[in-house]
Amino acid sequence: MRSVVSHEQQVKVIEKERPVIQPNYVLMQTRYSMVSPGTELTSIRRSGSAPSSLGYSAAGIAVEVGEQVDHIRIGQPVACYGAPYVNHSEYLLVPKHLITPVPDHVDLKEAASAGLGAIAIHALRQSGLVFGEIAVVIGLGIIGQLLARIAHAAAIKVIALDLIEERRAALREVPGIAVCSSNAELEDAVARVTGNIGADAVFHCAAGRQKELLDGSFDWIRDRGKIVIVGDMVMEFTRSQMFKKEADVIISRAGGPGRYDAAYEKECRDYPIGYVRWTEGRNMQEYIRLLSDRLICVSSLITRQSSLFDVAEMYRDFVDRPQQILGGVISYDGP
């Protein structure tokens, strides 16, 4: 089977052995996988002489189901999440807690965003926001777009900021979200929407060194509000900015409890729901429900589709023309 890897800072397609089914796992034939540009471009830049798999979110058809898997049947549409089990490959062997059924009426191309959706959901849960509270979303790449839509669907008031007009235009499709193009415009929106109280939480979905932006976000929250770091952001800020609001600064790690825990992922030991209500697997299931019930729509966010034969070009466009590509998927329907 073919698989997309990074090798010596280049994107390549290589041949790998097709995985063999085993108990507690599902073998999926991939139809679509979605690119997570922040994570994957970093992996490409850091790649060395050993090929490294790219990707962590995909959808396809279950072709084999291992023993002790009772929620998926052969031939069923499914979505999955979580490296190293999920990547850009024609076949994926996925632990049962990292794969979920997809209703027939949900487009598999949209379902391929399940991993990114779980990340956005976990970030929202980390903030503790509830109905009627106010969120500011900074950075409207694919994760920021999903987070803003999911928060809006949960009856949270959303104010969003991005410097790229195409990304702002994509979010304006959702009525009721205040979309801003500058810090000054954002400050006016926060004052207007909150009655000068301040937002309950600010979500940083951008990456890199953003000290001035991070410092400024303390001015946008209410007393004892929260700053949630979602993107790969360098956490540099002025202590006095945090001190004056007694703010909480929170890291949101991936898709939820269970991520990076071999007992949960590899060994398929679930966390008891009475102790851990929302695992990464249950977050992914909830994201698919949002798509199924049409509480969010992500089709307009998929602005680029590539086959395995021209996938390297899509990654170059993420670097060279970020304003022209928002969500990118790889299709596996070709020869």
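The values are calculated or read from the model by the stated rules, or taken from the named source; none is laboratory data. Keep in mind that this is a model prediction, so the values were computed, not measured. Every residue, glycine among them, receives a Cβ derived from its backbone with ideal geometry; neighbour counts consider all protein chains shown. Heavy atoms of the whole protein, side chains included, go into the accessibility calculation; ligands, DNA and RNA do not. Shrake-Rupley method; radii C 1.70, N 1.55, O 1.52, S 1.80 Å.
When we screen PRO175, PRO103 for residues that are open to solvent by 40 Å² or more (accessible area, probe 1.4 Å) and in contact (Cβ under 8 Å) with a residue 12 or more places away in the chain, the only hit is PRO103. The set of residues in the stretch 14-36 that are of a type in the set (Val, Ile, Thr), in a strand (DSSP E or B) and loosely packed, with under 15 Cβ neighbours inside 10 Å contains only ILE14. The single condition from (1) under 18 Å from PRO95 (Cα atoms); (2) surrounded by fewer than 15 Cβ atoms within 10 Å (Cβ to Cβ); (3) hydroxyl-bearing (Ser, Thr, Tyr) that THR42 fails is (1).
Yes or no, residue by residue, for (1) among the aromatic types (Phe, Trp, Tyr); (2) modelled with pLDDT under 95; (3) in contact with a Gly (Cβ under 7 Å, 6 or more places away or on another chain):
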| residue | (1), (2), (3) |
| --- | --- |
| ARG18 | no, no, no |
| MET28 | no, no, yes |
| SER47 | no, yes, no |
| CYS80 | no, no, no |
| PRO95 | no, no, no |
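A quick yes/no check of all residues on (1) without any contact (Cβ under 8 Å) to a residue 40 or more places away in the chain; (2) in a strand (DSSP E or B); (3) open to solvent by less than 20 Å² (accessible area, probe 1.4 Å):
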| position | (1), (2), (3) |
| --- | --- |
| ILE119 | no, no, no |
| GLN126 | no, no, no |
| GLY144 | no, no, yes |
| ALA148 | yes, no, yes |
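Counting the residues of the stretch 244-276 that are over 20 Å from the mean Cα position of the chain (by Cα) and open to solvent by 70 Å² or more (accessible area, probe 1.4 Å) gives 11. Counting only strands (runs of 3 or more DSSP E) that sit completely within the stretch 50-116, those holding 3 or more residues that are among the aliphatic types (A, V, I, L, M) correspond to 57-65, 91-95. Selection of helices (runs of 4 or more DSSP H) fully inside the stretch 231-335 by the criterion of at least 2 residues being under 23 Å from VAL102 (Cα atoms) and touching a residue at least 24 places away in the same chain (Cβ under 8 Å) returns 280-292.
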